[in-house]
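K.L.:
First the structure, then my questions, so here it is.
The values are calculated or read from the model by the stated rules, or taken from the named source; none is laboratory data. Model, not experiment: these values are computed from the prediction. Neighbour counts run over all protein chains shown; Cβ positions are idealised from the backbone, glycine included. These accessible areas exclude ligands, DNA and RNA; they are computed on the full protein's heavy atoms, side chains included. Shrake-Rupley method; radii C 1.70, N 1.55, O 1.52, S 1.80 Å.
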Amino acid sequence: MKFSEMVWKKNEELYKKIIDMPFNKELMEGTLNKEKFAYYIEQDSLYLKYYSKVLATISSKINNNADYAFFFLKSSMNAYIVEEEIVHKYFRDTFQLKNTNKITTANLGYTSFLINTAHTEAFEASAASILPCFWIYNEIGKYIKENAKIENNPYKNWIDAYADEEFSKSTENMIKIIDDLYNNASDYVKEKMIIAFDIAFVWEYRFWNDAYNLDDFYNV
């Protein structure tokens, strides 16, 4: 069984919980509170800065496959430029969103986990850790687009971005690359890849949940 098939099946129930989260249900209906969406956009902007750095770090560590190294580097640039400057800037300008200068517990934990994995584990494990973000967003985007009330939905541009055919192709390519990395890894690294994917999958759930609940790490 492919790495991707194995880990997705293992986390399928959690993916269903993500679909059923209030954030995604309300976004799909176009009823999501704009303050919560604004907070999510702010948190995602912070996240993407570190996510893009992790992708670049993975690229720098791949010395036996130039195509793979280039793909991770290109993904690093796209993660920040395309999503932050196009998708997020659109909503900040359209909704006149303002930053709170806060960070959620999940955002701090998730980015710390990704950075730590990139610098202390094999690059294959780090590659596995970034896959849930790619994959879940693409699946959620497609699901919401198929089921959402698109007409007059204020979040239509967000839905379109993550259900986009180009983003789907990038996700498919990333899955294929990480499947190949898994096939050529040692048993020890294979186990690390599974663990990294599973942890990142949980962080994805917590990230959206914290944004919806306007969590503040410093509010204890």
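K.L.:
Is one or more of the residues making up the stretch 32-39 under 22 Å from S170 (Cα atoms), modelled with pLDDT under 95 and open to solvent by 10 Å² or more (accessible area, probe 1.4 Å)?
P.N.:
Within the stretch 32-39, not a single residue is under 22 Å from S170 (Cα atoms), modelled with pLDDT under 95 and open to solvent by 10 Å² or more (accessible area, probe 1.4 Å).
K.L.:
When both residues are 6+ apart or on different chains and their Cβ atoms are under 8 Å apart, which pairs have a first residue that lies in the stretch 157-169 and is surrounded by 18 or more Cβ atoms within 10 Å (Cβ to Cβ), and a second that is assigned to a loop (DSSP other than H, G, I, E, B) and at pLDDT 80 or above?
P.N.:
Taking only residues 6 or more apart or on different chains, the pairs are I159/A148; I159/N153.
K.L.:
Also, quick follow-up: Within the stretch 41-59, restricting attention to residues that are among the small types (G, A, S) and in contact with a Leu (Cβ under 8 Å, 6 or more places away or on another chain), which residue is most open to solvent (accessible area, probe 1.4 Å)?
P.N.:
Once the filter is applied, the top-ranked residue is A56.
K.L.:
So, one more: Based on this model, can you work out whether Y137 counts as of a type in the set (S, T, Y), modelled with pLDDT of 95 or more, closer than 18 Å to W8 by Cα and surrounded by fewer than 21 Cβ atoms within 10 Å (Cβ to Cβ)?
P.N.:
no
K.L.:
Let me ask something else about it. Would you point out which residue out of A125, A79, A118, A106 is at pLDDT below 95, assigned to a helix (DSSP H, G or I) and open to solvent by less than 70 Å² (accessible area, probe 1.4 Å)?
P.N.:
A79
K.L.:
Show the residue pairs that are 6+ apart or on different chains and have beta-carbon atoms under 7 Å apart, the first residue being within the stretch 30-55 and outside any helix (DSSP H, G or I), the second being surrounded by fewer than 17 Cβ atoms within 10 Å (Cβ to Cβ).
P.N.:
Final answer for the pair search is G30/K149; G30/N152; G30/P154; L32/E26.
K.L.:
Oh, and also: Which residues, taken from the stretch 93-103, are open to solvent by 60 Å² or more (accessible area, probe 1.4 Å) and either among the charged types (D, E, K, R) or modelled with pLDDT of 95 or more (or both)?
P.N.:
D93, K98, K102 - these are the residues of the stretch 93-103 that are open to solvent by 60 Å² or more (accessible area, probe 1.4 Å) and either among the charged types (D, E, K, R) or modelled with pLDDT of 95 or more (or both).
K.L.:
Condition first: closer than 21 Å to S168 by Cβ, open to solvent by 10 Å² or more (accessible area, probe 1.4 Å) and in contact with a helix residue (DSSP H, G or I) (Cβ under 8 Å, 6 or more places away or on another chain). Now tell me which residues in the stretch 140-154 satisfy that.
P.N.:
Of everything in the stretch 140-154, those that are closer than 21 Å to S168 by Cβ, open to solvent by 10 Å² or more (accessible area, probe 1.4 Å) and in contact with a helix residue (DSSP H, G or I) (Cβ under 8 Å, 6 or more places away or on another chain) turn out to be K142, Y143, K145, N147, A148, I150, N153.
K.L.:
Return the residue satisfying two criteria in turn: it lies in the stretch 184-208 and is under 14 Å from the mean Cα position of the chain (by Cα) and open to solvent by 20 Å² or more (accessible area, probe 1.4 Å), and of such residues it is farthest from S4 (Cα to Cα).
P.N.:
Ranking the qualifying residues of the stretch 184-208, first place goes to R206.
K.L.:
Sticking with this one: For the stretch 10-18, does any single residue satisfy the condition of being surrounded by 19 or more Cβ atoms within 10 Å (Cβ to Cβ), in contact with a helix residue (DSSP H, G or I) (Cβ under 6 Å, 6 or more places away or on another chain), at pLDDT 95 or above and under 22 Å from I177 (Cα atoms)?
P.N.:
Yes, that holds for at least one residue.
K.L.:
If you don't mind, another one. Which residues, taken from the stretch 199-218, are out of contact with any Phe, Trp or Tyr (no Cβ under 8 Å at 6 or more places or on another chain), touching a residue at least 60 places away in the same chain (Cβ under 8 Å) and not in a helix (DSSP H, G or I)?
P.N.:
Across the stretch 199-218, the qualifying residues are D215, D216, F217, Y218.
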